[in-house]
Amino acid sequence: MTEALRRLVRETHLSVEQLIQPLFVVEGKGPRQPIASMPGIERLSLDEFEREIHELAGLGIGGVILFGIPDQKDEVATSAYLDDGIVQRAVSIAKKAAPNLVVITDVCLCEYTSHGHCGIVRDGKIVNDQTLEILQKVAVSHARAGADVVAPSDMMDGRVAAIRAALDAAGFPDLPILSYSSKFASAFYGPFRDAAQSTPAFGDRRSHQLDPANFREAIRESLEDVAEGADMLMVKPALPYLDVLRELRTRCDLPLAAYQVSGEYCMIKAAAMHGWMDEQRVVEETLTAIRRAGADVILTYYAKQFAQWQQNKT
Ligand code: PBG
């Protein structure tokens, strides 16, 4: 009957240090750019980004994952692996500003290619193995910039092994790989693609991302990444795929992450803005459900707001 007793026997806990805030960084010095489909989330220039890092570290958030939006895009994603690329500069700013905040980088090409695909395109198709060579360069450039973890989200086959080999050869044998291992071809990424300007110019991502209907294949993809040397796995999106998360929890011992993606964020946000649901309670409930299903770590656009709510409680 009492909250004290309920708290005593509660099975699942949610804390700020398990949350990762995704951040979008852009070139130039301008003000924060709002993202229409993600109210409350903004694209940040590097000086705004530095301010944000201080604030997030002060709130005790576990880490950040960085997405770069470069000025220059080409067919082969050259701007994804420049030493002075947008993400590479952001990483070194973040590590200087808050050395104890975990900085994860998203390793993918879609924000850097003119066609918006996650790999090199030939005859209208993504060429898997040639893409791996570029992903290796991207991961190594993030490592050189000082990233704590690299997170490949491209869904090419064999990328974890390829990136592991490249990191080892470049002198980063201790750098962990968080693999987006069960990543579905999801309509819930829509707002992200607005934010990151990474909508494919033609076709879609169904040739390499998972069919939402496939459970066994999702588990197999993740277990393959374990065999290739992944240090952490991820299920993405989160709430529609809790069954996958739960199964992976029982099938492997690696730390598991889940990504509450842009569409999951904006559904809650839009309903809250209309006064149709209690935002804080819905966020706490969804994040708790994701933890209950088996996630150790949650990537969520609500990380900062959750941390602020927690602060107001104490
Ligand atoms: C690929 C990437 C995507 C997201 C994270 N990394 C988009 C995609 O696969 O199309 C989506 C995240 C979100 O929707 O919040 N670089």
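The values are calculated or read from the model by the stated rules, or taken from the named source; none is laboratory data. Computed from a predicted model, the values in this text were never measured in an experiment. Don't worry about glycine lacking a Cβ; one is built from the backbone with ideal geometry, like all the others, and counts go over all protein chains shown. For the accessible areas, the whole protein counts, side chains as well, though only heavy atoms, and no ligand, DNA or RNA atoms are used. Shrake-Rupley method; radii C 1.70, N 1.55, O 1.52, S 1.80 Å.
Each of Trp309 and Val127 was given a label point 7 Å from its Cα along the Cα-to-Cβ line. The distance between the two points is 4.8 nm.
Can you tell me the length gained on complete extension of the stretch Ala227 to His54, counting 0.36 nm per residue apart and subtracting the Cα distance? Intermediate values should be presented prior to the final figure.
On the way: separation 173, 0.36 × 173 = 62.28 nm, distance 3.70 nm.
Net length gain for the segment: 58.6 nm.
Taking all protein chains into account, the per residue accessible area for the chain stands at 44 Å² (1.4 Å probe).
The calculated P(r) of the chain, using every Cα pair and 20 Å bins from 0, goes 34, 60, 6, 0 in percent. Between Ala185 and Asp71, the simple label model (points 7 Å from Cα in the Cβ direction) yields a spacing of 3.6 nm. For segment 198-314, take every pair of Cα atoms, bin their distances at 5 Å starting from 0, and report each bin as a whole percent. Cα pair-distance distribution for segment 198-314, in percent: 2, 10, 19, 20, 17, 14, 10, 5, 2, 0.
Under a 5 Å amide H cut-off, with hydrogens placed 1.01 Å from N, Phe184 pairs with Leu210, Lys236 among residues at least 5 apart or on other chains. Only one residue of Ala162, Val127, Pro173 has its Cα farthest out toward the positive end of the dipole of segment 92-181, where Lys and Arg carry +1 and Asp and Glu -1 on Cβ, and that residue is Pro173. Between Asp204 and Ser15, the simple spin-label model (points 7 angstrom out along Cα→Cβ) gives 4.1 nm. Can you pull the percent of the chain's accessible area that's carbon plus sulfur, 1.4 Å probe, other chains left in place? Carbon and sulfur: 52 percent of the exposed surface of the chain.
Amide H contacts of Val107 (H built 1.01 Å from N, in plane; Pro and chain starts excluded): Ala151, Ser153 sit under 5 Å, all sequence-distant by 5 or more or on other chains. The count of lysine pairs in the chain with alpha-carbon distances below 20 Å, taking only pairs 8 or more places apart or on different chains, stands at 12.
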